[in-house]
Amino acid sequence: MTKAIVVRSLGGAEVLKLEDVPLGPPGPGEVQIRQAAVGLNFIDVYFRTGLYKTELPFIPGKEGAGTVTALGEGVKDFAVGDRVAYASADGAYAAERNIAVKHLVKVPEGISLETAAAMMLKGMTAQYLLLQTYKVGPGSVILFHAAAGGVGLIAGQWAKALGATVIGTAGSKAKIDLALANGYDHVIDYGKEDFATRVRELTDGAGVDVVYDSVGKDTFPKSLDCLKPRGLFVSFGNASGPVEAFNLGLLSQKGSLYATRPTLFAYIATRAALDACANSLFDVVQSNKVRINIHQTYPLADAGRAHTDLEARRTSGTTLLIP
């Protein structure tokens, strides 16, 4: 048996219950790991509420890190004692778990398991956004919503290291100050200013090359008004609710714009792609160009309180659940 958070009905944070659940030996192609930490992400909320569909009951969570304690049949590239992390395997909210090795990467020396759990999903999301969905480099001008969030703080540092001018949005002075300390050149208080108007002011009317938007309903379609002609709108989350259906003609009217709705899981769908993305992240963290900000930790049993704080925007940076 092991301890895990189980969701038996969809709803608010109160549906997250700590239970004893069976844990057998790992199956073929799997290992068993003892988890040091589990990452909290907004996608966990989407599954809990039913915005993203899954079968009940389920153990939420996508991201964690720990130590291999047992090997399943046919596993050759991992050994007992290996420090490992993952970002794309359902069932993370548990003290121990079995997991297919196709999801795992080895954590390099010099990176703690807690840091690994804090950065895999968010850091690889920043990687594909900045280096694959749109290739940010010297001269790029970008807008990143939720600049003080887990992905936002990583992306701000990384984009600055790539040579970009980095504009962000945040909802309080504390979060603005935090973003400014993590790579952002300008941070707009979306509660006090019209962010589209302010972006135009900051860019002398030109607009930005790309908008990265994990907020969704509250920032659309104004995000489109921030873009240069032929700019790219990247919607990668729905913290305020999903973007409603819209007429594609809107993209034409606002300057022959592009729009995409990527997910990390499509960018790490093969072993080669996962290794490349993870290694790129490990390299930039080990180079000290990007720091991982762990700002909140909760016992696994308090997952409900962690979800409540996340949804109320009382968190910043990365949040960990500790089994």
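Only the coordinates and a few stated rules stand behind these numbers; no lab work does. Quick caveat, the model's predicted, so the values are computed rather than measured. Note that we place each Cβ from the backbone using ideal geometry, even for glycine, and neighbour counts take in every protein chain shown.
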Quiz item: Out of the range 34-80, which chymotrypsin sites (Phe, Trp or Tyr not before Pro) are coil in DSSP terms and have no more than 14 other C-beta atoms within 10 Å?
Solution: TYR52
Quiz prompt | Total lysine pairs under 17 Å (Cα atoms) in the range 138-261, excluding pairs fewer than 8 apart on one chain | solution = 5
Self-check item: Proportion of all alpha-carbon pairs of the range 138-261 beyond 19 Å (%)
Solution: 42 percent
Exercise. Give me the distance between the Cα centres of the range 110-164 and the range 37-87, rounded to whole Å.
Key: 22 Å
Quiz item: Which of the DSSP-defined H helices in the chain satisfy a minimum axial length of 15 Å, computed from C-alpha atoms, and a minimum mean Kyte-Doolittle hydropathy of -1.0?
Solution: 113-128, 150-161, 271-286
Self-check item: Histogram of C-alpha separations across the chain, 20 Å bin width, %
Solution: 33, 56, 11, 0
Quiz item: Mind ordering 221-228, 201-208 by average Cβ neighbours within 10 Å, highest first?
Solution: 221-228, 201-208
Self-check item: Potential extension, ALA245-THR263 segment - 0.36 nm per residue separation minus Cα distance
Solution: 4.6 nm
Practice problem: Using just the helices of the chain, give the 222 nm mean residue ellipticity in deg cm²/dmol: DSSP H runs with n ≥ 4 each add -39,500 (n - 2.57), and the total is spread over all residues, rounded to 500. | Solution: -7500 deg cm²/dmol
